[in-house]
Amino acid sequence: MVQRVLILSELQYNMLVPDSKKSMYVSHILITIAILAVGIFSGVFLIGYFAVASYVIFALTAILAVFMMVRPVLYYRFYRYIITDDRIDTRQGVIIRTHTVVPIERLHQVEVVRGPINAIFGLANVSVTTAGGVAKIKFLENDVAESVVNGLNETINNIVRDRNSDA
């Protein structure tokens, strides 16, 4: 008997849609403005008392602002997801890369989440809840997110129906 081992590189992972970068840029610009305001205010407040501390705050604020502008491009490049018959698999991250695998039979709740910035660009996140926590498939187009949720709910219902018929 020959067993075939499925290698992950054989699977066709989905990438983010281009509008996801726009959504990330808008949210990152808002966060960067807040960081710059706090950093500049803190640095100016400390400049008379602790000159070295104010320079460190200015430098850290500048580095963080640059990172926040580069992050969407890198996140877009590295984010991947796939939904198979038995699992949801996401790979994401810029500095810390994570690989999350959620078995579909373990799902308790599936929902579409639309934040205000994503809604502007017609995007949504799919949030899946298991006993172990919450996983998200991010920056999907609205119709894709709805079809993913409907498909996952149908799969979950079929699993429950099969379990009940076997009992």
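The values are calculated or read from the model by the stated rules, or taken from the named source; none is laboratory data. Owing to the predicted nature of the structure, the values given are computational and were not obtained by experimental measurement. Glycine gets a Cβ as well: all are built from the backbone with ideal geometry, and neighbour counts include every protein chain shown. Areas reflect the complete protein model, heavy atoms only, side chains present, ligands, DNA and RNA absent. Shrake-Rupley method; radii C 1.70, N 1.55, O 1.52, S 1.80 Å.
Annotations for the structure displayed:
Residue-wise test of (1) surrounded by 10 or more Cβ atoms within 10 Å (Cβ to Cβ); (2) in contact with a Leu (Cβ under 7 Å, 6 or more places away or on another chain); (3) in a helix (DSSP H, G or I).
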position	(1), (2), (3)
VAL128	yes, yes, no
LYS136	yes, no, no
SER147	yes, no, yes
ASN150	yes, no, yes
THR155	yes, no, yes
SER165	no, no, yes
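- Every pair of residues 6+ apart whose Cβ atoms lie under 9 Å, when the first sits in the stretch 103-132 and is of a type in the set (Lys, Arg) while the second is outside any strand (DSSP E or B): ARG106/ALA131; ARG106/GLY132; ARG114/ASN142; ARG114/ALA145
- Scan of the stretch 135-155 for residues that are touching a Ser or Thr at 6+ places or on another chain (Cβ under 9 Å) and without any contact (Cβ under 8 Å) to a residue 60 or more places away in the chain, ordered by number: ALA135, LYS136, ILE137
- Taking the criterion of being loosely packed, with under 13 Cβ neighbours inside 10 Å and either closer than 19 Å to SER23 by Cβ or out of contact with any Lys or Arg (no Cβ under 6 Å at 6 or more places or on another chain) (or both), the residues of the stretch 94-104 that qualify are ILE95, ILE96, ARG97, THR98.
- Counting the residues of the stretch 103-126 that are at pLDDT below 95, touching an Asp or Glu at 6+ places or on another chain (Cβ under 8 Å) and closer than 14 Å to VAL148 by Cβ gives 1.
- The stretch 54-82, subset of a type in the set (Ser, Thr, Tyr) and in a helix (DSSP H, G or I), residue most open to solvent (accessible area, probe 1.4 Å): TYR55
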